[in-house]
1. Would you please name the residue that is modelled with the lowest pLDDT, looking only at residues in segment 132-152 that are part of a helix (DSSP H, G or I) and in contact with a Lys or Arg (Cβ under 9 Å, 6 or more places away or on another chain)?
2. So, in segment 95-131, exactly how many residues are among the basic types (Lys, Arg), part of a loop (DSSP other than H, G, I, E, B) and either more than 24 Å from Thr210 (Cβ to Cβ) or free of Cβ contacts under 8 Å to residues at least 12 places away in the same chain (or both)?
3. I'm trying to understand the selection: among the residues of segment 312-355, which are of a type in the set (Val, Ile, Thr) and either more than 16 Å from the chain's Cα centre (by Cα) or over 22 Å from Leu56 (Cα atoms) (or both)?
4. Looking at (1) surrounded by 14 or more Cβ atoms within 10 Å (Cβ to Cβ); (2) among the basic types (Lys, Arg); (3) more than 18 Å from Gly12 (Cβ to Cβ), can you tell me which one Lys128 breaks?
5. Looking for whichever is free of Cβ contacts under 8 Å to residues at least 24 places away in the same chain and over 26 Å from Glu346 (Cβ atoms) here; the options are Lys148, Lys196, Lys141, Lys152. Which one fits?
6. Just to be sure before I move on: is Tyr423 over 23 Å from Gly270 (Cα atoms), in contact with a Gly (Cβ under 6 Å, 6 or more places away or on another chain) and not polar (S, T, N, Q) in the structure I sent?
7. Go through segment 350-382 and give me each residue that's in a loop (DSSP other than H, G, I, E, B) and more than 20 Å from Val269 (Cβ to Cβ).
Amino acid sequence: MAVTKICCIGAGYVGGPTCSVIALQCPHIKVTVVDISAHRIAQWNSKKLPIYEPGLDEIVQKQRNVNLFFSTDIETAIQEADLIFISVNTPTKTFGVGKGRAADLTYVENCARTIARVSTNNKIVVEKSTVPVRAAESILKILSANHKPQVKFQVLSNPEFLSEGTAVENLLNADRVLIGHEETTDGLQAFKELSKVYLNWLPEGRILRTNTWSSELTKLAANAFLAQRISSINSMSVICEATGADVGEVAKGIGLDSRIGRKFLQSSVGFGGSCFQKDLLNLVYICDSLKLPQVAAYWQQVLTMNDYQKSRFAQKIVESLFDTVTNKRITLFGFAFKKNTGDTRESPAIYVAKTLLDEGAKLNIYDPKVEPEQIQNDLTHPNVTDNPEAVLKSIEIHDDPYSAANKTHAIVLCTEWDEFVQYDYERIYKSMIKPAFVFDGRKILNHERLSTIGFHVHTIGRR
């Protein structure tokens, strides 16, 4: 079965960019991205996309309504498709068995049931969402139990390895495409059909074939290893601050070891985003379920270290500002969890802001890509505060960094946006209340220059 029509269920950070690049590279394939959210689909069909990714806007504008379509008509798209990506959210469970750790597969299950009910011809169903090991087995059981007798399904695991802020580049020049399949003749054929899609722009050597379970676990393992590196270098930053060592110099020294490498050794206020914490919690839950407590404890410590790093940084701000921030106005530069994205999920900035607000501070917040409504929603969420009205009175969201810093006691840098390095800090210093402080949670500013201007500079991993 040659793939000429693809349906992607889920128009989020994975489905949207992935299918946009597929449409760009495969002009002979009709690609339809569907979602139950009419608002989100309307955004994909507008001039302002719902997510920010460098290079994505240009691709969507070029391919939209040519061979790339965004729709809420899920059933029609499923019926027409030869291949269906499931790219829906798999959040951490908030109740029941596994609460706070296990992945909630409600949306994935709903997709499988809809696919089974609607389909009248054979389909290749592809897990794109991050799922627990053996989730494909559950999907196949639902499809098999609810499908029409003449319809056959093959379920593949094809996890994404995208880094927000570089997702388009990750897709166009993927270092590997992992496809897991059932070890049957039909499973192998399904693998070949999905491979043909990627082979339109990637060399065959980058297509990695595994069994389904290995593919699912590899995705969790990859994120766990990356998060582990960040927590490892952050643990070194604590030692550096206690001894007088410089974590930047330590990171450079160990990063030049070819066995270790330099990536993900930048000490910071901590990692965020939709994947690392969620996938680590899921991995810990799987280990506990398999009665592997020592392994579970090992991966749990990566999360514990990340929480400690955020707490340490927030506490340093309070201590440095003479042990009180009550009624002091503080500037937050950056609210996204990393640069080149508007995503704030699990952003360290939320934790820092919460701590400062709880201590009575007033916040001026500036981020070049995060919408004000998103910042307000994050800081008034029930997990953050039980007094949202007070929070809204204590924050001001600015569209200009200089106005955000005006008449404030301190600047707290939470996101490593390139533009933050380029500001006129002499101008900013003159507008601030003295003594003026800078807390660089990403270690990107010129600290010596800031000190010369007159700032009291604090960072991570150095006295």
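1. Within segment 132-152, the subset part of a helix (DSSP H, G or I) is 135-146.
From the residues that got through so far, the ones that are in contact with a Lys or Arg (Cβ under 9 Å, 6 or more places away or on another chain) too are 142-143, 146.
Numbers: Ile142: 90, Leu143: 91, Asn146: 73.
Looking at residues that are part of a helix (DSSP H, G or I) and in contact with a Lys or Arg (Cβ under 9 Å, 6 or more places away or on another chain), I get Asn146.
2. Taking segment 95-131 as the starting set, the residues that turn out to be among the basic types (Lys, Arg) are 99, 101, 113, 117, 123, 128.
Next, only the ones that are part of a loop (DSSP other than H, G, I, E, B) stay: 99, 101, 128.
From what's left, either more than 24 Å from Thr210 (Cβ to Cβ) or free of Cβ contacts under 8 Å to residues at least 12 places away in the same chain (or both): 99, 101.
Count: 2.
3. So in segment 312-355, the residues of a type in the set (Val, Ile, Thr) come out as 317-318, 324-326, 330-331, 341, 344, 350, 352, 355.
Matches in segment 312-355: Ile317, Val318, Thr324, Val325, Thr326, Ile330, Thr331, Ile350, Val352, Thr355.
4. Every listed condition holds for Lys128 apart from (3).
5. Working: Lys148 fails: free of Cβ contacts under 8 Å to residues at least 24 places away in the same chain; Lys196 fails: free of Cβ contacts under 8 Å to residues at least 24 places away in the same chain; Lys152 fails: free of Cβ contacts under 8 Å to residues at least 24 places away in the same chain.
Sole residue among the options that is free of Cβ contacts under 8 Å to residues at least 24 places away in the same chain and over 26 Å from Glu346 (Cβ atoms): Lys141.
6. On the way: over 23 Å from Gly270 (Cα atoms): yes; in contact with a Gly (Cβ under 6 Å, 6 or more places away or on another chain): no; not polar (S, T, N, Q): yes.
So Tyr423 fails the test.
7. As a first pass, look at segment 350-382 and keep what is in a loop (DSSP other than H, G, I, E, B): 359-361, 367-371, 380-382.
Matches in segment 350-382: Gly360, Glu371, Thr380, Pro382.
The values are calculated or read from the model by the stated rules, or taken from the named source; none is laboratory data. Owing to the predicted nature of the structure, the values given are computational and were not obtained by experimental measurement. Note: ideal-geometry Cβ built from the backbone for every residue, glycine included; neighbour counts use all protein chains shown.
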